[in-house]
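A.B. asks: Here's a structure for you.
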Amino acid sequence: MEFPYMEAVVGFMILMYLFETYLDLRQHAALKLPTLPKTLEGVISQEKFEKSRAYSLDKSHFHFVHEFVTILIDSAILFFGILPWFWKKSGTFLPLLGLNEENEILHTLSFLAGVMIWSQITDLSFSLYSTFVIEARHGFNKQTIWLFFRDLIKGICLAIVLGPPIVSAIIVIVQNGGPYLAIYLWAFMFVLSLVMMTIYPVLIAPLFNKFTPLPEGELRLKIEKLASSLKFPLKKLFVVDGSTRSSHSNAYMYGFFKNKRIVLYDTLIQQCKNDEEIVAVIAHELGHWKLNHTMYSFIAVQILTFLQFGGYTLVRNSTDLFRSFGFDTQPVLIGLIIFQHTVIPLQHLVSFGLNLVSRSFEFQADAFAKKLGYGSALRAGLVKLQEENLSAMNTDPWYSAYHYSHPPLVERLAAIDAADKKEE
């Protein structure tokens, strides 16, 4: 008797949905609390708290609906055999175009084209509502409907240009990888990740946003001085026009070896009137670099990727596994999709573990910025970002432990304050 892999996967998906919905309900109850956490009393204004509460509750209600529809569709696709049906149907279009239906690469690309169309149809209404109703209602959305669809079309065009060669390469590697398949797949994805990290900020990101050098002035001098003091190889300092789409703010850095760049959202500069607050946020980001957090995270991702491919090589020839999901053939892409579904339990555990590590890194980066003398400015900057982004002020501990890669503001301020008391 064959093991019911598909039924087990669908069952676990539903169990995880119920568990995560329970956490969502706990968080929803926390968001409804009418008062600020004691740590934030006198720090966050009541007006900002009320706005944050309304925004968070709107997003929470939307999340409940979106997740319910998602689990309903995903479970139906697997349980009612829609996935194998769609795979077979996607092959029937190839002869109409004069192409060989037996060519797995062409069949896979036809399948992915259909999946992309389907995902755009199912996701579009949610994206539009999130952007033009929820984000607009709370003053965040700044993009027009034209800009929204222009970005959507650009994203589709990029997928059409970049997707086929990547998918084709993966299929060829799997078909010819032999006993060293896991190594070949990992090596390909490793090189691909380096290439994408190189070309994304130079060729892809500018398709969606405008990057301009940070003007000469006190802020630029302070950031360059900080980078120099830490021997951070800063080559370029940009401002990105995030305000064309949203009033949310952020800052990040990227680049390899001696070619590092820092990007500030124009909204961050507008919201933080005090330069020291912005520099403190950058000090936090540089802390991640100085403490090798980026390198550790990259290594962890590579190890997990290799282990995933190793697991895939063990099950890719399992006829029972494919048959359980309704397939009488063993296409490479379908094998990867099925494998991803069968390791969902491990993925959730790994994600939880990575979140714990990430939260620890955030505390360390805060402590690093504080040691540089930016404790009070960082505190003020974190509060300002929390206020301007209308982030949740009250968080359920179980929910944040499971979902958050960054500690809640209350915990970060408490850690900074605790360090101050130790110094005293």
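The values are calculated or read from the model by the stated rules, or taken from the named source; none is laboratory data. All of these numbers come straight from a predicted model, not from anything done at the bench. Because the Cβ atoms are built from the backbone with ideal geometry, glycine has one as well, and the counts that use them run over all protein chains shown. Heads up: the accessible areas ignore ligands, DNA and RNA and are worked out on the full protein's heavy atoms, side chains in. Shrake-Rupley method; radii C 1.70, N 1.55, O 1.52, S 1.80 Å.
A.B. asks: What is the distance in Å between the Cα centres of the range 346-400 and the range 172-245?
C.D. replies: After rounding, the separation between the Cα centres reads 23 Å.
A.B. asks: I've got another one for you. So which chymotrypsin sites (Phe, Trp or Tyr not before Pro) in the range 104-203 are both in a DSSP loop and have at most 15 other Cβ atoms within 10 Å of their Cβ?
C.D. replies: none
A.B. asks: Please work out, to two decimal places, the log10 of the ratio I(q)/I(0) at q = 0.23 Å⁻¹ from a Debye calculation in which every Cα of the range 51-132 carries one identical scatterer.
C.D. replies: -1.07
A.B. asks: Where Rh denotes the Kirkwood radius from the mean inverse Cα pair distance, what is Rg over Rh for the range 231-316?
C.D. replies: For the range 231-316, the value is 1.15.
A.B. asks: Using a 10 angstrom cutoff on alpha carbons, build the Gaussian network for the chain and name the most mobile of 414, 283, 251.
C.D. replies: Largest GNM mean-square fluctuation: 414.
A.B. asks: Tabulate in residue order the Karplus-calculated ³J(HN,Hα) for the range 54-66, using 6.51 cos²θ - 1.76 cosθ + 1.60 with θ = phi - 60°, rounded to whole Hz; enter x for Gly and Pro.
C.D. replies: Ordered by residue, 3J(HN,Hα) equals 5, 5, 5, 5, 4, 5, 5, 4, 4, 4, 4, 5, 4 Hz.
A.B. asks: I've got another one for you. How long is the range 172-264 along each principal axis, judged by its Cα atoms, biggest number first, in Å?
C.D. replies: In descending order, the Cα extents are 59, 34, 19 Å.
A.B. asks: In addition: So what's the convex hull volume per residue for the Cα atoms of the chain, in Å³?
C.D. replies: 165
A.B. asks: Taking Cα atoms of the range 115-250, Rg/Rh with Kirkwood Rh, to two decimals?
C.D. replies: Rounded to two decimals, Rg over Rh is 1.08.
A.B. asks: In the Gaussian network model of the chain, springs joining C-alpha atoms below 10 Å, which of 314, 356, 413 carries the largest mean-square fluctuation?
C.D. replies: Top of the fluctuation ranking is 314.
A.B. asks: Something else about it: Taking loop as defined by DSSP and a crowding limit of 14 other beta carbons within 10 Å, which GluC sites (Glu not before Pro) in the range 184-233 fit?
C.D. replies: Of the GluC sites (Glu not before Pro), the ones in loops of the range 184-233 whose Cβ has at most 14 other Cβ atoms within 10 Å are 216.
A.B. asks: Still on this structure: Measure off, as a whole percent, the carbon and sulfur share of the 1.4 Å-probe accessible area of the chain, all protein chains present.
C.D. replies: Carbon and sulfur together cover 66 percent of it.
A.B. asks: When the Cα centres of the range 321-337 and the range 58-85 are compared, how far apart do they sit, in Å?
C.D. replies: 21
A.B. asks: Take the Cα atoms of the range 251-373, build their convex hull, and give its volume per residue in Å³.
C.D. replies: Spelled out: Cα convex hull of the range 251-373, divided by residues, is 152 Å³.
A.B. asks: Can I ask one more? Label residue 47 and residue 172 with points 7 Å out from Cα along Cα→Cβ: what is the distance between them in nm?
C.D. replies: Going by the 7 Å Cα→Cβ label model, 6.2 nm.
A.B. asks: Now for a separate question. Of all the stretches in the chain, which is the longest one without any exposed loop site, taking trypsin sites (Lys or Arg not before Pro) in a DSSP loop (any state but H, G, I, E, B) with at most 15 other Cβ atoms within 10 Å?
C.D. replies: Formally, the longest exposed-site-free interval is 33-209.
A.B. asks: Could you give the accessible area per residue of the chain, probe 1.4 Å, as a whole number in Å²?
C.D. replies: Result: 53 Å² of accessible area for each residue.
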